[in-house]
Amino acid sequence: MGPADRDDRQVRRRRATGQRRSVIASFLLLGGLALLSVVTATITSGFVARAQRESRSDGEADVLAETRALRAQVDELAERLER
C-alpha cells in the first residue's frame, strides 16, 4: 500500500463526508422552509379570521338597522289601520 492508495482513500472519505453533509443540509433546508410555511399560514389565518369577524359584525349591524327601520314602518302602518 503506497501513498497513492492512502490519498485515494482520503479523497473518497472526503467525498462521502461532503455528500452526507449536503444531504443533511438539504433536509435541514426543507425542514426550515416547512416551518416557515406553517408559521406564515398560522399568522395569515389569524388575520383572515379577524377580518371575517369584523365584516360579519358590520353586516349584522346593517341588518339590525334595517330591521329597526322596517319595524318602525310596520308600527306606523298599524297606527294608520287603527284610525
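Per-structure values
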item	result
Point-to-point label distance, R21-E82, nm (Cα→Cβ direction, 7 Å offset)	9.2 nm
Extension gain from L36 to R14, taking 0.36 nm per residue of separation minus the Cα-Cα distance	4.7 nm
Percentage of interatomic Cα-Cα distances in the chain larger than 18 Å	75 percent
Note, ³J(HN,Hα) from phi for segment 57-62, Karplus 6.51, -1.76, 1.60, rounded to Hz, x at Gly and Pro	5, 5, x, 5, 5, 5
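Every number in this text was worked out from the coordinates using simple rules, so none of it is lab data. What you see is a predicted model; the values in this text were computed from it and never measured. No Cβ is skipped: glycine too gets one built from the backbone with ideal geometry, and neighbour counts run over all protein chains shown.
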